[in-house]
Amino acid sequence: MVRYSNRSGNSPITHYEIEDERIIVWFIGGKSYSYSYGKAGKNNVEIMKNLAKSGSGLSAYITRNVRFNYD
C-alpha cells in the first residue's frame with residue numbers, strides 16, 4: 001500500500017495499491033475499492049494507475065469514469 005500524495009490537498013483518497021490487472025484505492029475512513037481490468041476496463045485501470053502515481057486527479061477520474069465499476 002502506497003500513500004497517495006494528494007497534490008491538490010482535498011482528495012478523499014489516502015492510499016493505493018497497484019497490481020498487474022487492478023488498482024485498489026483506499027478512502028478516508030478506511031473503505032477500499034478494487035478496480036480490475038475485467039470490471040472497470042484495462043484502459044481505465046491503466047489511467048488510474050498513472051494518476052495514482054502522479055498524486056493528482058484520481059478521485060475525479062473515478063467519479064467521472066468508473067464510479068460503480070469496482071469489484
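The values are calculated or read from the model by the stated rules, or taken from the named source; none is laboratory data. Being a predicted model, the structure only gives us computed values, none of them experimental. Neighbour counts are summed over all protein chains in view; Cβ atoms, including those assigned to glycine, are modelled from backbone coordinates with ideal geometry. Please note that ligands, DNA and RNA were not included when accessible areas were found on the heavy atoms of the full protein model with its side chains. Shrake-Rupley method; radii C 1.70, N 1.55, O 1.52, S 1.80 Å.
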Exercise. Compute the distance in nm between two label points, each set 7 Å from the Cα along the Cα-to-Cβ direction, one at ASP71 and one at LYS31.
Key: 1.9
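Roughly how many Å² is the accessible area per residue of the chain, as a whole number, for a 1.4 Å probe? Show your work: numbers first, answer last.
On the way: 4290 Å² over 71 residues.
Per-residue value: 60 Å².
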Quiz item: Which semi-axis lengths, in whole Å and largest first, follow from the square roots of five times the eigenvalues of the Cα gyration tensor of the chain?
Solution: 17, 12, 11
Quiz item: Roughly how tilted is helix 42-54, in degrees to the nearest 10 and between 0 and 90, from the longest Cα axis of the chain?
Solution: 20
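For the chain, which chymotrypsin sites (Phe, Trp or Tyr not before Pro) are in a loop by DSSP, counting at most 11 other Cβ atoms within 10 Å?
On the way: sites: TYR4, TYR16, TRP26, PHE27, TYR33, TYR35, TYR37, TYR61, PHE68, TYR70; in loops: TYR4, PHE68, TYR70.
Of the chymotrypsin sites (Phe, Trp or Tyr not before Pro), the ones in loops of the chain whose Cβ has at most 11 other Cβ atoms within 10 Å are PHE68.
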